[in-house]
Structures are given as C-alpha cells and as structure tokens.
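Here is the structure we will look at.
The values are calculated or read from the model by the stated rules, or taken from the named source; none is laboratory data. If you're wondering where the values come from, they're calculated on a predicted model, not measured in any experiment. A quick note on method: Cβ atoms are made from the backbone with ideal geometry, for glycine too, and the neighbour counts reach across all protein chains shown.
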Amino acid sequence: MTRAACKHASSGCDYPASECSGACVTRRAVTAEYLMGIKEGREILAKHGVADISIEDRIGNLRSTIKGFAANTQVGQMLRGERDFWLHQQKLSTTVLPHDGEAA
C-alpha cells in the first residue's frame, strides 16, 4: 500500500501526509515544545542508549502516540520533535563509517 505524500512534497517534505506537521513549509519558526522533544530524545539516548528499545520501536511508538494529538498542540509539537530526533538518529545509524572512524 502506498502512503499519500505530504501536500508540501514539492518543498522537499518526505513525511507521509498523515504525519506532516507543516514544519516543512515553516522551517523559520520552531516551537519551544518541539525543541523540548528533541532534548528529551537526547536525554533518553544518553541515559539508556538503544539497549532497552530499538530506534525503530521508539519511532513506531511515537508515530502511534502522535495520532492522538493535533500538530498545533504543545504535546503534539513535543512528540514531533522527539520523533524527528529519532528519525535523524536512524539516518545516522545507517551511515557507513570508514575504518578510521571518520564520517564518509
């Protein structure tokens, strides 16, 4: 089944339509709650790593939880910030590093 693309896809948004918070066209403004979500993700990663739950499971849990909150709510923004943090971590984890540890 193919997911519908975000209505902002022409601006480079790669979120499915059901998950786009509109941030792709309002990149100039980031809410404090969104940043709080990123901070929370960082704290979880620093404290627990990914030993207890995989990055994919965290993203899945956040996507499921996000469905209950509008994008313009404080909780919705915080959850989207944390989701985006983990999506970025997922991208970083798939980056292949050369043998000397420097990024490719």
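The figures follow:
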{"quantity": "Residues being in a helix (DSSP H, G or I) and surrounded by 14 or more Cβ atoms within 10 Å (Cβ to Cβ) - total across segment 40-59", "calculated": "7"}
{"quantity": "Any hit, segment 9-16, residues being modelled with pLDDT under 70, surrounded by fewer than 17 Cβ atoms within 10 Å (Cβ to Cβ) and under 14 Å from the mean Cα position of the chain (by Cα)", "calculated": "yes"}
